[in-house]
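Note sheet for the following structure.
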Amino acid sequence: MESITSEYLSQGTAWLFITTLVYFLMNGAQIFETAVIVPKWTAAPPESFQLFKGKYGLDFKAFWITLHSIHEVTFLLAIAFCWKLDPIRNWLLILFAIHFAVRVWTLVYFAPNIIEFQKSANAGSFGTDLVSRTTLWRTLNYVRVGIFIAVSVGLIPLCIKVMNMRLE
């Protein structure tokens, strides 16, 4: 660690703390949506799809795209600024790989399905097995949010470790 300056360590620490904070903020929004909004629209489809209907129907697409984009930039910056900190870097790469896998799952399964549910609510035409599809979406969403929470909790020991490096 002799090539690591105090300034480098400070920048790495700052970006690690920023990405941890943003991740926890994102998880707060996910927990709120999972606990309050998802049970409402999955309660009794197609009637419960009323939440998606019309000009003022729920649509969190812009919110989630913005929040995830900000978070992923801060996560990549944390990796970049902690690159020389081997144990921190390695765990950040593992956590980012898990995060990235869940984001791909989100883009491949969750986003297209909720967009389809929203479109069908506004079109008034509903596909087959609507109740089982929304139930599966809701159940898998619990798993997805749980993984995101686990990744953010996994950042805490890294924050502690980098703080201990500062004290050495």
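Only the coordinates and a few stated rules stand behind these numbers; no lab work does. Note that the structure is a prediction, hence the values are computed from the model and not measured. Every residue, glycine among them, receives a Cβ derived from its backbone with ideal geometry; neighbour counts consider all protein chains shown.
Summing charges over all other residues whose Cβ lies under 14 Å from the Cβ of Ala111, with Lys and Arg as +1 and Asp and Glu as -1, gives +1. Taking all Cα pairs closer than 8 Å and separated by 6 or more residues, the relative contact order of region 65-161 comes to 39 percent. Relative contact order of region 6-167, taken over Cα pairs closer than 8 Å and 6 or more residues apart, is 42 percent.
Extension gain, Asn164 to Ser69: 0.36 nm times the residue separation minus the Cα-Cα distance gives 31.2 nm. Applied to region 25-42, the Karplus parametrisation 6.51 cos²θ - 1.76 cosθ + 1.60 on θ = phi - 60° returns per-residue 3J(HN,Hα) values of 5, 4, 5, x, 5, 5, 5, 4, 4, 5, 7, 10, 7, 4, x, 5, 7, 9 Hz, with x for Gly and Pro. Centre-to-centre, using Cα atoms only, region 1-65 and region 125-168 are separated by 10 Å. Rounded to the nearest whole Hz, the Karplus-based 3J(HN,Hα) values (6.51 cos²θ - 1.76 cosθ + 1.60, θ = phi - 60°) of region 44-49 follow the sequence 7, x, x, 4, 6, 6, with x at glycine and proline. Under a model in which nothing but the beta-carbon of Lys, Arg (+1) and Asp, Glu (-1) is charged, the chain shows a dipole of about 360 debye around its Cα centre. Once both labels are positioned 7 Å from their Cα atoms along Cα-to-Cβ, the gap between Lys55 and Ala80 label points is 4.2 nm.
Karplus-derived 3J(HN,Hα) values for region 91-103, using 6.51 cos²θ - 1.76 cosθ + 1.60 with θ = phi - 60°, are 5, 4, 5, 5, 5, 5, 4, 5, 4, 4, 4, 5, 5 Hz; glycine and proline are entered as x.
Within straight-line reach of Lys161, meaning a Cα separation under 14 Å, sit the following aspartates and glutamates at least 8 residues removed in sequence or on another chain: Asp86. Within a straight-line Cα-Cα reach of under 17 Å, Lys53 can be paired with the following lysines, leaving aside sequence neighbours fewer than 8 residues apart in one chain: Lys40, Lys61, Lys119. Counting only other residues whose beta carbon sits under 13 Å from that of Val38, what net charge do I get with K and R as +1, D and E as -1? Net charge around Val38: +2.
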